[in-house]
Every structure is written in C-alpha cells, then in structure tokens.
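Below: one structure, written as structure tokens.
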Amino acid sequence: MALVRSKEIFVYGLNSERKEILEEMHQKGVIEIKDVDIADTQLERKETAQSISQFDGFINSSENAIEILDKYAPEKTGLFSSRKSISMDKYSMKSVDSEGALKKVYEIIRLADKIHENAENIRKIDAKQIALRPFLQLDVPMNVTGTRDTIIKSGTLQGAWTEQEINEALQKQEIDTFHFEFVANTKEYTTIWMAYPKGIAQKANAFFQDIGLAEPSFSLSHHVPKKKTEVLEEAKKELAKEAGKLEKEIAKYGKDRDEIKLLYDHLVLRKEKYQAIAKMGMTAHTFVLEGYVLDKHAEQVQKALEQNYGAYVEIHDPEDPEDAPVQFENNGFVAPVEGITRTYSMPGVGDVDPNPIMSFFYYFFFGMMFSDAGYGLLMAIACFILGYGKVLEPGKRASFKMFFFCGLSTTFWGFMYGGFFGDATHTISSVFFGGDAMLTPLWMDPTQEPLTLLVFSVMLGIIHLLIGMGIKVYTLCRDKQYFEAVADHMIWMVIMGFILVLATGMFLGNSGVTVPGVVNTIGMYGLIVALIGLVAIKTAAGLVLKKKNIIAALGGGVLSIYDITGYIGDMLSYSRLLALGLATGVIANVVNMMGTLFGNSAIGIVFFVVVFILGHIVNFALNALGAYVHTMRLQYVEFYSKFYEGGGKPFKPFKMDTKYYRFSNQK
C-alpha cells in the first residue's frame, strides 16, 4: 500500500527509430510525455498542428456517422456492454482500409443531411399550410392582383369584423368605390378579399393601415388556396417517402458499424502520436523526448529503450517535485476507494496516501448509514458479480468493488441493528402467518436507544479526527517541524483524547455498564489540564515566535481555547451516522406497514408485494445515495481537512486510450 512517485526521464534517439519507440511506449503506457524546452538550444519542433486538425475533422465525422447509425440502425447491446477485443496488429488500419471507411462515413453523413433537409422542407410546408388556412374558402388564385383598372388584394384582420365596421372605416377615408367579401370570419381573425380602382390606391393604403390589414406572408400561387394546400400536402408526402428511402439506405451501413468504430479508434491513436511528436525537440537526425516515468517502471523502461533501439536514456529525480505526477498503488481492499481521493485531489509533495485508512472508515460509516441487512446483501451480491465477475471490463469494476465492501458493511450493521428490509420478518410472519419471527438485534435497536447510538457515533468521529490529526503530526515531525506539531496539533489531540474518555464513560453508562467514577474524573481533570497546557503553549509561542508582550501573548493563549468550537462542530457532524441509519430503518418499517393495509387476503397479499417491492426500491435508492454522499463528506470535510494538502498531479501516461476496441492484453 503506497503512493508511487515519478522520476523525470529524458530519451535521446535517432529519428529513424522515433516511430518504433513511440509505438512501443504507446502500447506499454508507462511514460507521461511533456513539452521539451527548446529555448536557447538548436532543437526544433515538428509542425503537426495541421495534421492534428485534420485528424480532429475525421474523428468528429466518424463519431457523427456512428451516432447516425445508432439512430437509424440501432445496435442491440446488453445492459453492461464491453469494448470488443482485437489483436494489436488490427489497430493500425492500412491506408486503403481507412480511406474506404471514410468514404462510408461521408456517405452516411450525406444521407443524414438529406434527411435533415427534407425534414426542414416539411416544416416549411407545414408553416405555409398554416398560413393558408384563413384563405381556404377563397375561390380565386391568390396571384391574381388586379386588372387593367383595378387592384385585387386579400388579407387578414385581428378578431371578428362586421360589414358595418368595414363600411365605417371606408367612410372615414372617404372611399365610395370599393368591393369586399369575407372569406372567413372567426373570433380570432377575419379574412377579407377586396377589389378597388387603381385611382384610390393612396386612400386604400390608408384604409388598410387603419383596419390593421395583414397581407399574406407567403409567395402567391396560381392555384386557389385549397388546391395549393393539396399540392403542398403531396409535396410533403414525397419528401417523407424520400426520407424513408434514405433511412433504409443508412440502415444498410449498419453492417459497417464495427469498421467505422475501428476507424474512429485508429484516428484517435494516430492523433495522440502526432500530439506526442509535437512535444519533442528535434534536429535533422535526432530527437529528444522528455517526461515522467513511475519509480517502479524506470529501470525497466531505460533497459528496454537502450537495448532495443540504441537510444540514450537519463532518469533522475524531478527538479520540481510539485510538478511530478503520482499514482496510487494499493491492495484489493483499498484500491476501490482511490477514485474518491482522486476526485478530491491527488496527494501533494508532503502528503501520504490517505486511502488505506480512509477506505476502512468509508466502508464502516457507509454501513452504519445504510444499516439494513437486506439492502446490504442485495448490494453485495450484485456488486460482487459486477466487480469481480467478467461482465465488465477490468477498468470499469472499481466502483462496484467499492460498493461490494459497502454492502458487506451494510449487512453487518443491519444485523447489529436488527434490520432486514426494515421489520419485514416480523411484519410478514405476524400478518400473514400468525407468528412472530422478529429479527433480534445483535447489538441495539436505534429507534429504542438513539442517545446511545448518538454518543457512539460521536466517539467514532473523535477517533476518526484523532487519526487525521495524528497523520498531520507524523508529517510535521518527518519534516522536522516539531514545535508546530506539538503546539498546533498534538495538544489538540490530547484535548480530543480526554473528550473521548468522557464520551466513552457516557456511552458505557447508557449501555448499562457500571463505569468507575475514576474514568469521568480522569476525563474531566485531564481535559482541564490539557486546556491549561494549550493556553501555556500558545502563550509561549506568542512570546518567543511572535515577539508579543506578556499580556498580548496570554490573551492570545486564552482565546485559542475558542478553537474548540470548530472541533466540537466536527464531532457533531458524525451525528449523521445516527440520523441516516434511523432514516433507512424507519422508512423501511413504514413501507412494510403500508403494505399490510388490506390485511391477510388475496388482495392484501398482492398489494403487500407491490408496495413492498416499489417502496423498498425507492428507499434503497434514496438512502444508498445519502450514505454515499454523506460518507464522502465526512472524509472530505472532517478527515482530510486535518492533514491532507492535496494539489498533486495524477500520472497520465501516453497510452492507447480507445473508445470502442481494446487490444487483447489491454486492461
């Protein structure tokens, strides 16, 4: 169980061997490549931006084609699908193969674009048909706009209009010669058709403005509106028919999906190689590669490159340790929770690997919060199959392995609390069988002894905090910062230790155990002495280090006691171990009680089964999520804040990171 740090590696080789060296490093994935500093040197960079941009275009097109195939020729996959395995030599497609696959990609995209174009045209036709609705009763073509002496116009008015209202508006403009007909008249709109002499065009325009006439917003047709609508409908049918044919043509390319997926991965790998080349320094005949290699691989990599390719390799400690990436390496119990720490932050230069300790508390606290043996068994069984079986690829199993251990912990605490799908054993036996198969708690029923469990939760929290503070003391002493270790952390560990003694006495008393009075006496007087020691140490620090006068230093020492409020807040955060554990059990009991509303009857049995399944599924989902989030919070906020600096960089090797395929020995 360790934190693997890295060393800097410099590889000097011939350009003639550059491709083979890159290929081997790409396959083995043991070196993280970084930019070579070519300032003040005779090295140059190879221009690869154009090639990378071209690869990006091909990759985006390939991904687009796959998405199109997934839409029009969906592939049947299982719930837990894995990448297909392929031999290494198949990854590098020949030029003719990649060109053929690209042609298929572009043809698929062309067909999809045509379908999209047809759909857009159909939407435009729909808009025209909607615009034509007010004019459907018009029996003359709409492109008839007049004769030699007259103007013909049609349009719509907002709301319902009467002939009298139109005539009044005409009189207002002093128009006498004007013919109009209502084509449609509804509450929403009025469609009007008009004919008038060209000589009154100016007055007519004023009339139109006055009544708010809206002229057709579409191109006029030589058909009457009803006929035009029918013509448009036929056009829609033709477009839809053509779209159907295009979809069938796309579906025929479903058999080429694997080839296109292979093309996608092939392009991604080639792009990664060009990105690696862009980071190198080069001369006419040689290249320089710089990066990081993990300690455990350093000697092996150096030996392989020098013996197989005649390259010269230098490996040494990094000049700036903060820039050197790190990687976790833990056993099967600890490794599943590494992702939680990785999400928070990788360890910094002075940090230790927190996962070995954190993993135990994570599983322990999760089980206390979820706390139902039935839920725990379901989680453990399902996650064991997914985490340790061959259903998923190795790289996708870590989270399921973590929840497997969480499930075991949940099962343990479920039996300790006497919860198996709540009080399902008691409910089912008493209501449907007339018995009483109550599951007896191995320790306590939280609903009956919440105060005892609360004190126990706080005790666990104090232990958790003490371990975090102890790690901080260790790192400070390792770095020879002894005074800071004592003044800022060790003294608080002593204070927290005596609080733990008091909490232990309270817990044992609530549990019915006779506690000797000396325990509480030691805890109380020890706490007082520790607080006095805190004031003394802080006062001394103010006098010696900060050069304060005696009054200011003493005042600072006394005020340092106030910091205990922060530690008390941290301790009380662990009360969520009680709260979430109670929530899981109480909700489960309510679900069981609701299921028995119709008693022991045929309907009652069916109702109970339905409510039992649905209710416990909901309770499982909600409280599993709550346990996951709050357990993680206890690690991030309470535990890590006591010692963990973070800010480190994860080791990101130059390796074959593919989406659809994996080569035979890839994990």
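The values are calculated or read from the model by the stated rules, or taken from the named source; none is laboratory data. Worth saying up front: this structure is predicted, and the values here are computed from it rather than measured. Every residue, glycine as well, gets a Cβ built from its backbone with ideal geometry; the counts of neighbours run over all protein chains shown.
Kindly indicate whether residue 210 is touching a residue at least 24 places away in the same chain (Cβ under 8 Å), in contact with a helix residue (DSSP H, G or I) (Cβ under 7 Å, 6 or more places away or on another chain), assigned to a helix (DSSP H, G or I) and under 30 Å from residue 183 (Cα atoms). So residue 210 fits the description; yes. Summed over the stretch 515-539, the residues that are modelled with pLDDT under 85 and either aromatic (Phe, Trp, Tyr) or over 11 Å from residue 502 (Cβ atoms) (or both) give a count of 3. Among the residues making up the stretch 253-299, those that are assigned to a helix (DSSP H, G or I) and either of a type in the set (Gly, Ala, Ser) or free of Cβ contacts under 8 Å to residues at least 24 places away in the same chain (or both) are 254, 255, 276, 278, 298, 299. When the stretch 398-424 is filtered for residues that are surrounded by fewer than 20 Cβ atoms within 10 Å (Cβ to Cβ) and in contact with an Asp or Glu (Cβ under 9 Å, 6 or more places away or on another chain), only 398 remains. Could you tell me whether the stretch 459-475 includes any residue that is more than 30 Å from residue 347 (Cβ to Cβ) and surrounded by fewer than 16 Cβ atoms within 10 Å (Cβ to Cβ)? Scanning the stretch 459-475 turns up no residue that is more than 30 Å from residue 347 (Cβ to Cβ) and surrounded by fewer than 16 Cβ atoms within 10 Å (Cβ to Cβ).
For the stretch 428-444, the criterion of being within 37 Å of the chain's Cα centre (by Cα) and under 25 Å from residue 620 (Cβ atoms) is met by none of the residues.
Inspect the stretch 612-626 for any residue being more than 24 Å from the chain's Cα centre (by Cα) and of a type in the set (Gly, Ala, Ser) and give the result as yes or no. Yes - at least one qualifying residue is present in the stretch 612-626.
Against the list (1) free of Cβ contacts under 8 Å to residues at least 40 places away in the same chain; (2) under 30 Å from residue 458 (Cβ atoms); (3) within 25 Å of the chain's Cα centre (by Cα), the condition residue 377 fails is (3).
The rows are residues; the columns are (1) crowded, with 20+ Cβ neighbours inside 10 Å; (2) under 30 Å from residue 342 (Cα atoms).
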position: 603; (1), (2): no, no
position: 624; (1), (2): yes, yes
position: 652; (1), (2): no, yes
position: 657; (1), (2): no, yes
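Per-residue answers, yes or no, for (1) in a strand (DSSP E or B); (2) more than 60 Å from the chain's Cα centre (by Cα):
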residue: 137; (1), (2): no, no
residue: 144; (1), (2): no, yes
residue: 157; (1), (2): yes, no
residue: 164; (1), (2): no, yes
residue: 168; (1), (2): no, yes
residue: 175; (1), (2): no, yes
residue: 190; (1), (2): yes, no
residue: 193; (1), (2): yes, yes
residue: 202; (1), (2): no, yes
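Inside the stretch 380-391, can you point out the residues that are buried (at least 16 other Cβ atoms within 10 Å of the Cβ) and under 21 Å from residue 77 (Cα atoms)? Answer for the stretch 380-391, where residues must be buried (at least 16 other Cβ atoms within 10 Å of the Cβ) and under 21 Å from residue 77 (Cα atoms): 383, 386, 387, 391.
Just to verify a result, which residue in the stretch 177-188, among those that are within 58 Å of the chain's Cα centre (by Cα) and not in a strand (DSSP E or B), is surrounded by the fewest Cβ atoms within 10 Å (Cβ to Cβ)? Explain how you work it out, then say what you get.
First, the residues of the stretch 177-188 that are within 58 Å of the chain's Cα centre (by Cα): 184-188.
Subsequent filtering for residues that are not in a strand (DSSP E or B) retains 186-188.
Working: 186: 10, 187: 7, 188: 10.
Step by step, filter the stretch 177-188, then rank; the result is 187.
So is residue 538 outside any helix (DSSP H, G or I) and either touching a Gly at 6+ places or on another chain (Cβ under 7 Å) or of a type outside the set (S, T, N, Q) (or both) or not? It is false that residue 538 is outside any helix (DSSP H, G or I) and either touching a Gly at 6+ places or on another chain (Cβ under 7 Å) or of a type outside the set (S, T, N, Q) (or both). Starting from residues that are under 25 Å from residue 46 (Cα atoms) and within 35 Å of the chain's Cα centre (by Cα), keep the ones in the stretch 280-300 and report whichever is surrounded by the fewest Cβ atoms within 10 Å (Cβ to Cβ). Step by step, filter the stretch 280-300, then rank; the result is 290. Among the conditions (1) of a type outside the set (A, V, I, L, M); (2) surrounded by 16 or more Cβ atoms within 10 Å (Cβ to Cβ); (3) assigned by TED's automatic domain parsing to the domain that holds residue 613; (4) on the phi < 0 side of the Ramachandran plot, the only one that residue 504 does not satisfy is (3). Scanning the stretch 313-359 for residues that are assigned to a strand (DSSP E or B) and loosely packed, with under 14 Cβ neighbours inside 10 Å returns 314, 316. Of the residues making up the stretch 522-551, not one is in contact with a helix residue (DSSP H, G or I) (Cβ under 6 Å, 6 or more places away or on another chain) and on the phi > 0 side of the Ramachandran plot. The residue list 261, 245 contains one member that is on the phi < 0 side of the Ramachandran plot, of a type in the set (D, E, K, R) and surrounded by fewer than 16 Cβ atoms within 10 Å (Cβ to Cβ), which is 245. Picking from residues in the stretch 511-542 that are touching a residue at least 40 places away in the same chain (Cβ under 8 Å) and buried (at least 16 other Cβ atoms within 10 Å of the Cβ), the one that is farthest from residue 453 (Cα to Cα) is 541. Looking at the stretch 621-642, can you tell me whether even one residue there is of a type in the set (Ser, Thr, Tyr), within 30 Å of residue 567 (Cβ to Cβ), out of contact with any helix residue (DSSP H, G or I) (no Cβ under 7 Å at 6 or more places or on another chain) and not in a helix (DSSP H, G or I)? Within the stretch 621-642 (the criterion being of a type in the set (Ser, Thr, Tyr), within 30 Å of residue 567 (Cβ to Cβ), out of contact with any helix residue (DSSP H, G or I) (no Cβ under 7 Å at 6 or more places or on another chain) and not in a helix (DSSP H, G or I)), the answer is no, since none of the residues qualifies.
Among the residues of the stretch 130-144, is any without any contact (Cβ under 8 Å) to a residue 24 or more places away in the chain, within 30 Å of residue 247 (Cβ to Cβ) and not charged (D, E, K, R)? Yes; the residues of the stretch 130-144 include at least one that is without any contact (Cβ under 8 Å) to a residue 24 or more places away in the chain, within 30 Å of residue 247 (Cβ to Cβ) and not charged (D, E, K, R).
Residues are listed down the side, and each one gets a yes or a no for (1) of a type in the set (A, V, I, L, M); (2) farther than 16 Å from residue 189 by Cα:
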{"site": "124", "(1), (2)": "no, yes"}
{"site": "127", "(1), (2)": "yes, yes"}
{"site": "131", "(1), (2)": "yes, no"}
{"site": "136", "(1), (2)": "yes, no"}
